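Student: Sharing a structure, written as structure tokens. Questions coming.
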Amino acid sequence: MNKLNRALRRGWRECEGASFVELAVVLPIFLLMLVPAVDIGRALYASIEISSAAEAGAMYGIQNPGDIAGMQTASTSSASNLSGVTSTATYGCECSDGSSPVALCTSTPTCTYNYVTYIDVVASVPYATTFKYPGLPSSMNITRETRMRVGGD
């Protein structure tokens, strides 16, 4: 039993630092996989938030079609978790085939068939990656557009 204990202790002393060497080799590789995954997650979150913001502005516009400033405010306030959100909104009429657009429906478009009234909200936010990756831009704008039909004739 004594010989066995001595052999185990000697074996333990010979491999004491092996775990730290393994950690030193594996940890940088793990971090190289983790950081891009976090960046992709942040970009997807911003994309989902900005899509929801554009949709919120369009939903407000369906109830208040002439209130362009209100559509923009509803869109930007919907994405309050993000900084630097900008929004543009338009309201207009066009033929059902997409021809003869008229901004703000100031006049009825001349159509062969019928015309439609629409709301268009474009929301965007700047996005910057945590680190610079070779071959990829370090900053970009994430832009989403929602276009909804309000009515028509």
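The values are calculated or read from the model by the stated rules, or taken from the named source; none is laboratory data. In this text, all values refer to a predicted model and were calculated from it rather than measured experimentally. In this analysis, Cβ positions are derived from the backbone assuming ideal geometry, glycine residues included, and neighbour counts consider all displayed protein chains.
Student: Could you please give the count of residues in the stretch 82-104 that are surrounded by fewer than 18 Cβ atoms within 10 Å (Cβ to Cβ) and either modelled with pLDDT under 90 or touching a Leu at 6+ places or on another chain (Cβ under 9 Å) (or both)?
Tutor: Total meeting the criteria: 10.
Student: If you scan the stretch 105-139, which residues turn out to be among the small types (Gly, Ala, Ser) and on the phi > 0 side of the Ramachandran plot?
Tutor: GLY135
Student: Do the conditions hold for GLU55, that is, is it surrounded by 13 or more Cβ atoms within 10 Å (Cβ to Cβ), among the charged types (D, E, K, R) and more than 15 Å from GLU145 (Cβ to Cβ)?
Tutor: no
Student: Something else: Can you name every one of the strands (runs of 3 or more DSSP E) wholly within the stretch 58-153 that holds 3 or more residues which are within 18 Å of the chain's Cα centre (by Cα), in contact (Cβ under 8 Å) with a residue 40 or more places away in the chain and farther than 27 Å from ALA37 by Cβ?
Tutor: 139-152
Student: Every residue in the stretch 16-57 that is in contact (Cβ under 8 Å) with a residue 60 or more places away in the chain, among the charged types (D, E, K, R) and out of contact with any strand residue (DSSP E or B) (no Cβ under 7 Å at 6 or more places or on another chain), please.
Tutor: Within the stretch 16-57, ASP39, ARG42, GLU49 meet the criteria.
Student: Would the stretch 36-51 turn up any residue that is assigned to a loop (DSSP other than H, G, I, E, B) and at pLDDT below 90?
Tutor: No; the residues of the stretch 36-51 include none that is assigned to a loop (DSSP other than H, G, I, E, B) and at pLDDT below 90.
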